[in-house]
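Since every read-out is calculated from the coordinates, none of them should be taken as a lab result. Please read these numbers as outputs of a predicted model, since none were measured by experiment. Glycine gets a Cβ as well: all are built from the backbone with ideal geometry, and neighbour counts include every protein chain shown.
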Amino acid sequence: MNVISDNDGELLVRTARSAVREYIETGKRATLSSEIKSRFAFNSGVFVTLNKEKNLRGCIGFPTPDRKLYQSLVDASIASATEDPRFLPVKYDELDKITFEVTVLTPPEVIKVEDPSEYPSKIRVGRDGLIVKWEFGSGLLLPQVPVEYGWNEEEFLNHTCEKAGAPFDHWKQKSAVILRFEGIVFKETEPNGSAVQVKL
C-alpha cells in the first residue's frame, strides 16, 4: 500500500466532505485541486462512511483498485451521501451533524485454504476486512466493523456472509470464496473537526 500520512488522511477526509457539500448544494461534482490529484494519483480501493450521532448514515465504496484514488474518493463520497439504498439522501442542513470517515484499502486477495475450517485462523480482527463471494452475490465488511461490534473471527465471517445475502455459516462451504484486505482509516473527531487515524 502507498504510505498515507496523517496529513494525507486529513486531506482525504476534508475532500470527501467538500465533495458532498458541493454536490448537495449545486448538483455538480467537485473540481479537485492539482495538489489532491497528484497526491492521490495511485490506484486504490476506498470507502467513505458517514455517521450521525453514532449511527450509520451512509457507506459506499469501491473495494478494488480500478481507478485513481482521487476519482474513487469523490464518487464514493457522493454515493454514500446520496445513493446508499438503506437511507434517504443526506440533506444540506444535516452536514454539520455528520462525521466523515475514509478507509483506503489494499487490493483484496483470495484466502487459500485446504479446508474451510481454516478460515478463522487465516484472518485477524483489527487488521483485515472481508469479502465473501457466493453464487448469488457478494458482501463486504470493513476492518473497523468487527472491532466496533466486538466480534471474533468466526462471527466476522458469519456477518460477512449475511451481508452477502448468504446463510450465516456459508463460509464453511467449499464453494464460498473469501477475500481479505487491509485498510487505513481516517475519521473526523467531530463534525467538521480534524481527522485522525483510527487505530484498530
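3J(HN,Hα) along segment 126-137: x, 10, 9, x, 10, 10, 10, 10, 9, 5, 10, x Hz, from the Karplus curve 6.51 cos²θ - 1.76 cosθ + 1.60 with θ = phi - 60°, whole Hz, x for Gly and Pro.
Summarising the amide proton neighbourhood of Ile60: residues at separation of 5 or more, or on other chains, whose placed amide H is nearer than 5 Å comprise Val48, Ser80. In segment 109-181, the alpha-carbon atoms span a convex hull of 69 Å³ per residue.
The H on the amide N of Gln173, modeled in the peptide plane, is under 5 Å from the matching H of no residue at least 5 residues off or on a different chain.
For Thr64 and Lys122, what does the FRET efficiency come to when R0 = 25 Å and r is the distance between their Cβ atoms, rounded to the nearest 0.05? The computed FRET efficiency comes out at 0.80. In order along segment 35-51, the Karplus-derived 3J(HN,Hα) couplings, from 6.51 cos²θ - 1.76 cosθ + 1.60 at θ = phi - 60°, round to 4, 5, 4, 6, 5, 10, 8, 8, 6, 6, x, 7, 10, 10, 10, 10, 10 Hz, and Gly and Pro are given as x. Sequence-distant contacts, meaning Cα pairs under 8 Å at least 6 residues apart, place the relative contact order of the chain at 22 percent. Only Lys, Arg, Asp and Glu carry charge here, each on its Cβ (+1 for the first two, -1 for the last two); on that basis the chain has a dipole of about 400 debye about its Cα centre. Pairwise Cα separations in the chain fall into 5 Å bins from 0 onward with the following percentages, short to long: 1, 8, 16, 20, 19, 15, 11, 6, 3, 1, 0.
Near Gly45, the amide H atoms lying under 5 Å from its own belong to Leu105; only residues 5 or more places off or on other chains count, and H is placed 1.01 Å from N.
How big is the charge dipole of segment 139-185 about its Cα centre, in debye rounded to the nearest 20, if each Lys and Arg gets +1 on its Cβ and each Asp and Glu gets -1 on its Cβ?
Computed about the Cα centre, the dipole is about 240 debye.
Computed from backbone phi with θ = phi - 60° and the Karplus coefficients 6.51, -1.76 and 1.60, the 3J(HN,Hα) list for segment 148-157 is 4, 9, x, 7, 8, 4, 5, 5, 4, 4 Hz; x is used for glycine and proline.
Within the shell defined by Cβ-Cβ distances under 12 Å, the residues around Ile184 carry a net charge of -1, with Lys and Arg each +1 and Asp and Glu each -1. Remark: the Cα gyration tensor places segment 43-155 in the prolate category, a/c being 1.5 or greater and a/b exceeding b/c. Rounded to the nearest 20, the size of the Cβ-charge dipole of segment 109-181 about its Cα centre is 200 debye, with Lys and Arg at +1 and Asp and Glu at -1. Would you mind checking the tilt of helix 69-82 against the longest principal axis of the Cα atoms of the chain, expressed as 0 to 90 degrees and rounded to 10? That helix lies at roughly 90 degrees to the long axis.
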